[in-house]
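Below is one structure; the comments refer to it alone.
The values are calculated or read from the model by the stated rules, or taken from the named source; none is laboratory data. Predicted model, so just to flag it, every value in this text is computed and none were measured. Positions of Cβ are generated from backbone atoms using ideal geometry, with glycine treated the same way; all protein chains shown enter the neighbour counts. Surface accessibility is based on the protein's heavy atoms, side chains included, excluding ligands, DNA and RNA. Shrake-Rupley method; radii C 1.70, N 1.55, O 1.52, S 1.80 Å.
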Amino acid sequence: MFKKVSLLSMAFVIASKAVMAGGFSLTEYSTTSFGRAFAGLGIVGDDYSAIISNPAGMSLVKDDGVQLGMSLIDIYAKISDNRPGKDDEISLNIFSPVPSFFMQTTVSDKMKLGMALYTPYGLGTDYKDGWFGRDEALLSEIVVYDFTVSSSYDLTDKFSIGASLSTQYATADLTNDVASGAIYSEIEGHSDPTLAYTLGLMYRPTDNTRFGLSYRSKSTYDLEGTHTLKMNTNIPGSNLGMPSIPYVPAGTKLKGDAWASVTLPENVILSAYQKIDDLGLSASVKWTRWSRFEYLNIYSNVKGSDALVSSTYENWQDTWTYAIGADYDLNKDWVLRAGIEYDETPIPGDANRTARIPDDDRIITSLGASYKFNGGKFDMAYAHIFLDGGNAKYPSGFDAEYDLHINMLSFAVQYYF
């Protein structure tokens with residue numbers, strides 16, 4: 001039970017960036033994109049985030065410099081027990097700071113180089129001890145660190161291309177109570193360094209019109225974890241795969257190794273931008289190939305030999321995300337922004353929704369502004385995410401209804417060389 005729940009959740013949550021594009025994921029590395037609900041990704045040219053989203057758009061920013069950002073994500077969840085005869089209800093509040101750093105420099109009239117340090121994936125949930133879903137999850141802390149290097153090149157005055165290479169490293173700490181508190185389980189794990197790449201293209205038919213297309217490759221995480229099981233009561237040895245031992249006494253700790261591999265899918269983003277006098281209009285459409293995440297196999301040597309201990313059919317589906325936004329040049333110093341995004345969930349039904357990722361379709365609304373000062377710019381944005389969270393219902397009997405509300409603030413400052 002421990003091996004299945006913990007490593008499965010570890011893989012799910014590391015995959016959650018693309019799944020939870022506004023909830024437990026961390027797409028808020030660009031404050032200006034944040035302010036227009038992530039419309040026009042990579043081709044608006046008002047910060048250095050094209051290094052990640054579409055490196056061809058790096059050529060739009062003429063000033064070399066650095067960018068420091070911080071997004072603050074506040075998630076409130078009300079969770080109701082839907083099992084027959086049960087009426088338990090708990091609340092969960094999650095607060096997460098998400099930092100980012102970008103730097104870009106000019107190599108020639110046609111070429112730019114850039115780098116980024118940011119956190120693309122993450123989750124921090126901490127259910128109260130004794131809650132009705134403690135078999136499924138207690139603590140979930142996941143962080144993925146990303147270092148990206150990028151380059152853009154102007155083929156002509158209308159066409160630009162770009163490419164990025166990312167190295168990522170994940171850490172995890174996941175706990176749950178097995179058999180309603182009889183066994184406390186914890187996994188502390190990490191992944192080997194993982195590589196991914198992004199290819200970008202930008203077309204500018206006029207100075208005020210541009211289109212962008214980017215492709216993000218799939219990436220594979222090889223997960224390794226250390227398991228600790230603590231017996232809170234006397235546990236029959238047969239329940240732990242040790243039939244020769246009548247009972248494992250309370251207070252006993254068992255340790256073992258387990259590993260799994262999960263592949264994050266590729267995605268394609270198409271963006272457009274049009275400037276009309278003081279008004280800039282932007283739009284993006286994103287497709288993510290989540291249908292490749294069909295099975296998750298988990299292996300362990302906790303019984304003394306390497307073995308497949310869990311094979312789960314996920315049945316996730318491809319998703320589409322749609323965003324539109326606007327920027328208004330109020331005067332020479334101030335720019336105002338607004339946007340709205342609709343983001344599909346890849347989870348096809350209640351049986352595939354988990355206590356660690358209670359995902360659902362969502363609508364993101366946002367507002368933002370920028371203030372230009374001598375030698376740089378300050379950006380700020382606010383977004384609210386509307387989503388139900390949906391119902392998580394497992395064959396094991398777990399049945400919970402999630403009502404989620406998410407507020408986010410983002411700030412960034414750019415300094416020009």
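Numbers at a glance
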{"quantity": "Computed FRET value (nearest 0.05) for ASP173 with ASN301, which takes r as the C-beta separation and R₀ as 22 Å", "calculated": "0.60"}
{"quantity": "Amide H contacts under 5 Å for ASP360, placed H, 5+ residues apart", "calculated": "GLY389"}
{"quantity": "Derived scalar couplings ³J(HN,Hα) [the range 48-61; Karplus, 6.51 cos²θ - 1.76 cosθ + 1.60; whole Hz; x for Gly, Pro]", "calculated": "9, 6, 4, 3, 9, 7, 7, x, 4, x, 4, 5, 6, 8"}
{"quantity": "Under Karplus coefficients 6.51, -1.76 and 1.60, residue-wise ³J(HN,Hα) of the range 93-104 in Hz, glycine/proline x", "calculated": "10, 10, 10, 9, x, 10, x, 8, 9, 10, 8, 9"}
{"quantity": "Pair LEU117, LEU279: separation of 7 Å Cα→Cβ label points (nm)", "calculated": "4.2 nm"}
{"quantity": "Residue list for the range 66-94, given a label point 7 angstrom along the Cα-to-Cβ vector of ASP388 and an amide N cut-off under 17 Å", "calculated": "77-83"}
{"quantity": "Accessible area of the range 315-383 belonging to carbon and sulfur atoms, whole % at 1.4 Å probe", "calculated": "61 percent"}
{"quantity": "Cβ-derived FRET efficiency at R0 30 Å, ASP63 paired with ASP222, nearest 0.05", "calculated": "0.15"}
{"quantity": "Label corresponding to percent of Cα pairs over 40 Å apart when calculated from the structure given, among (1) 15; (2) 22; (3) 40", "calculated": "(2)"}
{"quantity": "Share of carbon and sulfur in the accessible heavy-atom surface of the range 51-181 [1.4 Å probe, %]", "calculated": "57 percent"}
{"quantity": "Given 16 as the ceiling on other Cβ atoms within 10 Å, longest exposed-site-free region of the chain for trypsin sites (Lys or Arg not before Pro) in DSSP loops", "calculated": "333-417"}
{"quantity": "LEU409 paired with MET103, simple spin-label distance in nm, labels 7 Å along Cα-to-beta-carbon", "calculated": "2.9 nm"}
{"quantity": "Euclidean distance of C-alpha centroids, the range 28-59 and the range 222-275, integer Å", "calculated": "36 Å"}
{"quantity": "Using alpha-carbon coordinates, inclination of helix 2-14 to the longest axis of the chain, degrees", "calculated": "0 degrees"}
{"quantity": "Proximal charge balance of ALA323 [Cβ under 9 Å; K/R count +1, D/E count -1]", "calculated": "0"}
{"quantity": "Surface accessible to a 1.4 Å probe, per residue, for the residues of the chain, Å²", "calculated": "42 Å²"}
